[in-house]
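Since the structure comes first, as C-alpha cells, the remarks are kept for the end.
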Amino acid sequence: MKILKLLLPLLLIAPGAWSAVVREKPHVQKFNNANCAQTSTCALVEFKLETNEYKVIFSGSAPSFGTDIKMSYRTRNVSQLEEFGIVQFIKGCKFNSYKKPNGKIERYFGITRDFFGKRERFQHREWVIDSIEQDPMYNSFEGLGRHGAYRSMIQGKVVYYFQKKPVEPELFVTDLPGTASMEGPNDIATNTSLVFRSCLYKTKDIPLQTTPDDLSFAEPIKCFEWSSSYIYNHESNKFESKKELDPFCDS
C-alpha cells in the first residue's frame with residue numbers, strides 16, 4: 001500500500017475519543033483541449049481529475065481506508081458551462097469477509113447501493129454506467145437541472161450551481177465510493193475493489209434516460225481512469241491494494 005503523508009487536524013468526535021484523516025499527495029490527471037477544432041469543442045479549456053487516497057484513524061479502533069476524487073472542467077466563459085457534462089463508468093464490487101474459527105475465509109455480498117432507481121447489491125461484473133438514476137449524467141438530480149448539483153468556488157466557499165452561477169467558468173463534482181474497514185465483535189471486513197472511467201461529453205450527446213449497459217451512446221471528449229482497492233488480508237491482518245479486481249467480484 002502507498003504511504004499516506006499528510007496528517008490533517010484531529011477532529012473531536014466524543015469525549016476522550018478522536019479521529020484523524022491522513023492523506024497522501026493527490027494524483028492529478030489533466031486534459032488541455034489543444035486540438036479543439038477537430039472535435040468542435042473550443043468552448044472547453046480543460047478537464048481534470050484529482051485522486052486522493054486516505055486513511056481515517058479512530059482512537060480505540062482499527063483505521064478505515066478510502067479514495068475520493070474531484071472531477072472538474074473549465075470553459076472559456078461561464079455561459080458555456082452547461083455545454084459539457086460528466087458520465088462515469090464503474091466495474092467491480094464491495095464485499096464483506098471474515099475468518100472462521102477453523103481458519104477458512106468466508107466472503108459474501110452484504111453491501112448495497114442505489115443504482116438506476118433501485119437498491120441493488122454492490123457488484124458490477126462488467127462495465128456499466130455509474131448512476132443512481134436513469135439519467136446517466138453524473139450528479140444529475142431531478143428538479144435541480146442536469147448541472148444543478150455541480151459545484152463551484154465563490155469567495156472561498158463551495159456553492160451549488162442551482163443556487164448561484166459561478167464567477168469563474170469552472171464546475172466540479174466529487175465521488176467517494178465508501179470506505180474499507182474492519183468492524184464489529186466478529187471482525188468482519190468491508191472490502192472495496194472498484195475501477196472507474198470518468199468521461200467528459202458534450203451535454204447534448206448525453207441521453208436524458210438510458211440503461212446501465214449503454215456504454216457507447218456517444219464519443220467522449222476525454223476519459224480518465226482511476227481505482228479504489230482495499231482488500232483485507234485476514235492472515236496478515238491488514239488491508240492491501242491490488243491493481244487487478246478481486247476475483248470475488250465475478251462470483
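Residues that are surrounded by 12 or more Cβ atoms within 10 Å (Cβ to Cβ) and assigned to a loop (DSSP other than H, G, I, E, B) within the range 223-236 comprise just one, His234.
Scanning the range 142-190 for residues that are farther than 20 Å from Phe84 by Cα, part of a loop (DSSP other than H, G, I, E, B) and not small (Gly, Ala, Ser) yields Gln155, Leu176, Pro177, Thr179, Pro185, Asn186, Asp187. Checking the stated criteria, Ala189 turns out not to satisfy the condition of being on the phi < 0 side of the Ramachandran plot and touching a helix residue (DSSP H, G or I) at 6+ places or on another chain (Cβ under 6 Å). When the range 124-152 is filtered for residues that are at pLDDT 95 or above and surrounded by fewer than 14 Cβ atoms within 10 Å (Cβ to Cβ), the ones remaining, listed by number, are Arg125, Glu126. Taking each residue of the range 28-57 that is within 21 Å of Tyr201 (Cβ to Cβ) and looking for partners that are modelled with pLDDT under 95 and outside any strand (DSSP E or B) with beta-carbon atoms closer than 7 Å, six or more apart or interchain, yields Glu50/Pro26; Thr51/Pro26.
Between residues in the range 110-133 that are in a loop (DSSP other than H, G, I, E, B) and residues that are among the small types (Gly, Ala, Ser), which pairs lie under 7 Å by C-beta distance while being six or more apart or on different chains? From the range 110-133, the pairs are Phe116/Ser131; Glu133/Gly117; Glu133/Ser140. If I filter the range 170-179 for residues that are at pLDDT 95 or above and over 22 Å from Phe115 (Cα atoms), do I get at least one hit? So far as the range 170-179 goes, yes, one or more of its residues are at pLDDT 95 or above and over 22 Å from Phe115 (Cα atoms).
Is it fair to say Asp114 is exposed (fewer than 14 other Cβ atoms within 10 Å of the Cβ) and of a type in the set (D, E, K, R)?
Working: exposed (fewer than 14 other Cβ atoms within 10 Å of the Cβ): yes; of a type in the set (D, E, K, R): yes.
When the stated conditions are applied, Asp114 passes them.
Look at the range 191-222 and say how many of its residues are part of a loop (DSSP other than H, G, I, E, B) and small (Gly, Ala, Ser). Adding up the residues that qualify gives 2. Quick test for you: out of Gln155, Gln88, pick the one residue that is without any contact (Cβ under 8 Å) to a residue 60 or more places away in the chain and among the polar types (S, T, N, Q). Matching residue, one of Gln155, Gln88: Gln155.
Rundown of residues vs (1) modelled with pLDDT of 95 or more; (2) within 18 Å of Tyr161 (Cβ to Cβ); (3) touching a Pro at 6+ places or on another chain (Cβ under 6 Å), yes/no style:
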position: Leu8; (1), (2), (3): no, no, no
position: Ala17; (1), (2), (3): no, no, no
position: Val28; (1), (2), (3): yes, no, no
position: Leu44; (1), (2), (3): yes, yes, no
position: Tyr73; (1), (2), (3): yes, yes, no
position: Glu82; (1), (2), (3): yes, yes, no
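Find all pairs meeting these conditions: Cβ atoms under 9 angstrom apart; at least six residues apart or on different chains; first residue within the range 229-251 and touching a residue at least 60 places away in the same chain (Cβ under 8 Å) and more than 16 Å from Asn96 (Cβ to Cβ); second residue exposed (fewer than 11 other Cβ atoms within 10 Å of the Cβ) and of a type outside the set (Asp, Glu). As it stands, the answer is Ser241/Lys2, since those pairs meet every condition given.
The values are calculated or read from the model by the stated rules, or taken from the named source; none is laboratory data. Everything numeric in this text was worked out from a predicted model, so none of it was measured. Cβ atoms come from the backbone with ideal geometry, glycine included; neighbour counts cover every protein chain shown.
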